[in-house]
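Asker: Provided herewith is a single structure, encoded as structure tokens, for subsequent inquiry.
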Amino acid sequence: MSITILGIESSCDDTGAAVFRDGFILSNKIANQEVHKSFGGVVPELASRAHQQNIIPVVDRAIREAGIAKTDIDGVAFTRGPGLMGALLVGSSFAKSFALALKKPLIEVNHLQAHILSLFLRKPGDTKKKPEFPFLCLLVSGGHTQLVIVKDYLIMEIIGQTIDDASGEAFDKCAKVMGLPYPGGPLIDKYAASGNPDAFSFPKPQINGLDFSFSGVKTAFLYFLRDHLKNDANFIEENKYDICASIQHSIVDILVDKLISASKQTGIKEIAIAGGVSANTGLRNRILEESVHHKWEVHIPEFQFSTDNAAMISITGYYKYIQELFTDQSVTPFARYRP
Ligand code: KG4
Ligand code: ZN
């Protein structure tokens, strides 16, 4: 039997819709919100309004590009959380109404679980190897940084997480103090490609176990810039590439050190990364280098599936649909993380 799932994502500043059918992604549409750039971060009220404007056209484009009719949809999956409450309310209200109108099941999806299942997304004809269970996933996004043992599609155990900032937040905050626009992570990545990662060094946090901390490196970076700017007002402009390469190197180091420890502790060599920061070239390259040394089998999502997207919501919806894990119309979004 053929199963078709519509996925809706609206947790932050991207409005997404995607269609997943029988193991493959048929369409994946996203509307980014440029409105936040000049504010140096996402403005929740503006995000909600933009979602409201974007959601119907984005869903329409996803359905048309998939070449299906609305009536072919078997279930409507949506991001229940975590994320911005006003933004989540737009996607969840739309999904509820759409499921009700189609008389099809509604399926709530945890955004973080979906980032991990993005590793299984394939387009028709794509035969790239999929991760085997159990695998270890370093989940790195704008709001979360976790080490997760993935035992099955819907069975996951968190074995480490950040005690303060997320790694994406660290990238964005460092970029902000350099005067770069939001989101700064991709720009640091771009400039880092032309810089020397050993030009400057920043202290590494000493955190026990498999937890992470990024607030120290962020503060050290702020003081480092302040001190250099005292002597040279053009320090950032003149050293932009080296500064970006060095801070990226430090953040990647913190992440990869814990991943190596987690692999040693658990004995798991099937390794994956997911979430927005998994788009980072420095992190991708470093994981591939380490894989040779530690004999890891590595899985990295396609760029379009690293950052927020609805394809990951639709595939998670699919795995919940086949287990009949449906949600009723009384569901409300959750802003903060829930296991
Ligand atoms: O997963 P995501 O799209 O949204 C959340 O769920 O938070 O992650 C967004 C985060 C932002 O902090 C952004 O700066 C970071 O991912 N990011 C990157 C790169 N692309 C996105 N950070 C470093 N290098 C990149 N290439
Ligand atoms: Zn995300």
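Asker: Here are Leu154, Leu139, Leu210: which of them is away from ligand 1 (no atom under 15 Å from the Cβ), at pLDDT 95 or above and surrounded by 17 or more Cβ atoms within 10 Å (Cβ to Cβ)?
Answerer: Unique residue meeting the criteria: Leu210.
Asker: So which residues in the range 121-132 are of a type outside the set (Lys, Arg) and either modelled with pLDDT under 95 or within 16 Å of ligand 2 (Cβ to nearest atom) (or both)?
Answerer: Leu121, Pro124, Gly125, Asp126, Thr127
Asker: Within the set of pairs 6 or more residues apart or between chains, which connect a residue that is without any contact (Cβ under 8 Å) to a residue 40 or more places away in the chain and farther than 20 Å from Gln146 by Cβ inside the range 104-122 to a residue that is in a helix (DSSP H, G or I) and away from ligand 2 (no atom under 14 Å from the Cβ) with Cβ atoms less than 9 Å apart?
Answerer: Correct list of pairs: Lys104/Phe98.
Asker: Checking the condition over 22 Å from Lys123 (Cβ atoms), away from ligand 2 (no atom under 15 Å from the Cβ) and surrounded by 21 or more Cβ atoms within 10 Å (Cβ to Cβ), which residue from Ala47, Ala95 passes?
Answerer: Ala95
Asker: Looking only at residues that are buried (at least 22 other Cβ atoms within 10 Å of the Cβ) and outside any helix (DSSP H, G or I) in the range 66-92, which one is farthest from ligand 2 (Cβ to nearest atom)?
Answerer: Gly75
Asker: While we're looking at this one, here's another question. Give the range 1-38 a look and list any residue that's among the acidic types (Asp, Glu) and within 13 Å of ligand 1 (Cβ to nearest atom), or say none.
Answerer: Listed by number, the residues that qualify are Glu9, Asp13, Asp14.
Asker: Counting just the residues of the range 142-151 that are in a loop (DSSP other than H, G, I, E, B) and more than 18 Å from Arg284 (Cβ to Cβ), which one comes out farthest from ligand 1 (Cβ to nearest atom)?
Answerer: His144
Asker: In the range 183-207, which residues are among the aromatic types (Phe, Trp, Tyr) and either surrounded by fewer than 18 Cβ atoms within 10 Å (Cβ to Cβ) or more than 24 Å from Glu34 (Cβ to Cβ) (or both)?
Answerer: Phe200, Phe202
Asker: Tell me which of these His299 doesn't satisfy, since it passes every other one: (1) more than 16 Å from ligand 1 (Cβ to nearest atom); (2) out of contact with any Pro (no Cβ under 6 Å at 6 or more places or on another chain).
Answerer: Among (1) more than 16 Å from ligand 1 (Cβ to nearest atom); (2) out of contact with any Pro (no Cβ under 6 Å at 6 or more places or on another chain), His299 violates only (2).
Asker: Now for a separate question. Which members of the range 315-325 meet the condition of being among the polar types (S, T, N, Q) and more than 16 Å from ligand 1 (Cβ to nearest atom)?
Answerer: Gln323
Asker: Can you give me the number of residues within the range 157-167 that are more than 14 Å from ligand 2 (Cβ to nearest atom) and either crowded, with 23+ Cβ neighbours inside 10 Å or free of Cβ contacts under 8 Å to residues at least 60 places away in the same chain (or both)?
Answerer: 6
Asker: Let me ask you something else. Output the residues belonging to the range 280-295 that are within 15 Å of Cys137 (Cβ to Cβ) and crowded, with 21+ Cβ neighbours inside 10 Å.
Answerer: Correct list: Leu283, Ile287.
The values are calculated or read from the model by the stated rules, or taken from the named source; none is laboratory data. This is a predicted model, so every value here is computed, not measured. Cβ: placed from backbone, ideal geometry, glycine included. Neighbour counts: every protein chain shown.
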